[in-house]
Amino acid sequence: MKSLRLFAVLDELRAARRPVAAHTMAERLGVSERTIYRDIASLQAMGAPVRGEAGLGYQLEPGYFLPPLQFSPDEMEAVMLALRLLSARNEAALSAAAARARGKIAAVLGGEGSQRFHNLPLLAVSRSHDTDRSAEQWEGLLRQAIRERRVVDLSYNSLSEHQSERRVWPLGLTVFDEAWLLTAWCEQAGAFRNFRLDRMRAATLTDTRFQPAAGQRFADYLASL
C-alpha cells in the first residue's frame, strides 16, 4: 500500500509545474499531511531528487526521468476518451498523431493492459463542421509556428468581411465547438488579437523568430480575460 502511495506522490510531483504543498497532495491522495511528509522523506532516502521543505512545497529536480507507470482506470479512460475525441474532430495530422499515441501507450501497458486499453467501451462522437475542414489546412502550420516561435504572415478576412494582411506571433490555439481560434501578438496593432482559422485566406511561415516579453505571452493573454 505504501509503495503505491509513493508512486502516487511521484505522479503528483511529475505533473506539477510549480512546487506542490504537502496539504495539497494530502487532499488529493486522501491522507494526512504527516503521511506526505513521511513519504517525501522515504523518497528522498531512496534517492529520488525531491527538493523543497515543509511550508514551501516540493518538486522534482528538472530532467529527472521516471519510468512509465501503470495507469489507474480513471486515467486510462480519460486518455482514451481524449484521443478518440480528437480523432473524431480532426481528420488531419492531429488525428494521425492521436492514433500513434494510442499505439505507444498500449505498448507501454503491454499484454493484458494493452488489450484493455484498446477495448475500452468508450466512444467519442463530434459533429463535423465546415469550419473544421477549413481550419485543418492551417492548424499544422500554426502549431509548428507556436512550437518554434516563428513569425507568420496572414491574409485574413474578418467576420465583417474586412480583409487585411497581418504579421503575427502565434501564441496559442483554442478549439471551440464551432471554430478553431489562434491567439497571436499582432505586430501592426501592438496587441493581442484572435483569428479564426476558417477565416484565414493564406498563412506563410517565415524564418523570423520571436521572443515574447512579459505582457506578450499566451499566459498574459489568458490572465487578461
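Quick note: the coordinates plus some simple rules give every number you see, no bench work behind them. Keep in mind it's a predicted model, so treat the numbers as computed, not measured. Glycine gets a Cβ as well: all are built from the backbone with ideal geometry, and neighbour counts include every protein chain shown.
At what distance in nm do the modelled label points of SER160 and HIS118 sit from each other, each positioned 7 Å from its Cα along Cα→Cβ?
About 5.5 nm, to one decimal.
What order do you get for 205-211, 34-40 when each peptide is scored by the mean count of other beta carbon atoms within 10 Å, highest first?
Working: 205-211: 11.9, 34-40: 18.0.
Result, highest mean first: 34-40, 205-211.
Would you mind checking the tilt of helix 73-89 against the longest principal axis of the Cα atoms of the chain, expressed as 0 to 90 degrees and rounded to 10?
The two axes meet at around 10 degrees.
Run lengths n ≥ 4 of DSSP H only: what is the helix-derived mean residue ellipticity at 222 nm for the chain, with -39500 (n - 2.57) per run over all residues, to the nearest 500?
Details: 8 runs with 103 residues, N = 225.
After summing the helix terms and dividing by the residues of the chain, the value is -14500 deg cm²/dmol.
Can you tell which of ALA135, TRP180, LEU6 lies farthest toward the positive end of the dipole of the chain, using +1 and -1 charges on the Cβ of basic and acidic side chains (Lys, Arg; Asp, Glu)?
LEU6
Which percent of Cα pairs goes in each bin when the distances of the range 130-224 are cut into 5 angstrom slices starting at zero?
3, 14, 27, 27, 19, 9, 1, 0
Of the chymotrypsin sites (Phe, Trp or Tyr not before Pro) in the range 113-208, which ones lie in a loop per DSSP and count no more than 13 other C-beta atoms within 10 Å? If you can, show how the numbers build up before the last one.
On the way: sites: PHE117, TRP138, TYR156, PHE176, TRP180, TRP185, PHE192, PHE195; in loops: PHE176.
Listed in order of number, the matching sites are PHE176.
Would the range 2-60 count as rounded, prolate or oblate if I go by the C-alpha gyration tensor, calling it rounded below 1.5 in a/c and otherwise prolate when a/b exceeds b/c, oblate otherwise?
Values: a/c = 1.21, a/b = 1.00, b/c = 1.21.
Rounded is the answer for the range 2-60, as its axis ratio a/c remains below 1.5.
Using the Cα centre as the reference, give the magnitude of the dipole from point charges on the C-beta atoms of the chain (Lys, Arg: +1; Asp, Glu: -1; all else neutral), rounded to the nearest 20 debye.
Details: 29 positive and 26 negative charges, 80 e Å.
Dipole about the Cα centre, nearest 20: 380 debye.
If you rank ASP11, ASP177 by fewest surrounding Cβ atoms within 10 Å, what's the result? Walk me through the numbers before you get to the answer.
Values: ASP11 16, ASP177 9.
In increasing order of surrounding Cβ atoms, one gets ASP177, ASP11.
At q = 0.14, 0.18 Å⁻¹, what log₁₀ I(q)/I(0) does the chain have when each alpha carbon counts as one equal point scatterer in the Debye sum?
Summing over Cα pairs of the chain leads to -1.06, -1.20.
What ranking do SER224, SER32 get, fewest neighbouring Cβ atoms within 10 angstrom at the top? Let's see the in-between values first.
Details: SER224 8, SER32 12.
With the fewest neighbours first, SER224, SER32 line up as SER224, SER32.
Dipole of the chain (Lys/Arg Cβ +1, Asp/Glu Cβ -1, origin at the Cα centre): which of ALA101, ALA15, MET46 lies farthest to the positive side?
Going by the Cα projections, it comes out as MET46.
The range 127-165: which trypsin sites (Lys or Arg not before Pro) are DSSP loop and have at most 13 other beta-carbon atoms within 10 angstrom? Don't jump to the answer; show the numbers that get you there.
On the way: sites: ARG127, ARG133, ARG143, ARG147, ARG149, ARG150; in loops: ARG127, ARG149.
Those satisfying the criteria are ARG127.
Suppose every Lys and Arg Cβ carries +1 and every Asp and Glu Cβ carries -1, with no other charges. What dipole size does the range 3-108 come out with about its Cα centre, to the nearest 20 debye? Walk me through the numbers before you get to the answer.
Details: 13 positive and 11 negative charges, 55 e Å.
Roughly 260 debye, rounded to the nearest 20.
What does the charge dipole of the range 73-118 about its Cα centre add up to, to the nearest 20 debye, if the Cβ of each Lys and Arg holds +1 and the Cβ of each Asp and Glu holds -1? Display every interim value, and only then the final one.
Details: 6 positive and 5 negative charges, 41 e Å.
That gives a dipole near 200 debye.
Which of the listed residues, SER32, VAL152, GLN59, is farthest toward the dipole's positive end in the chain, when Lys, Arg count +1 and Asp, Glu count -1 at the beta-carbon?
Working it through, the farthest residue towards the positive pole turns out to be GLN59.
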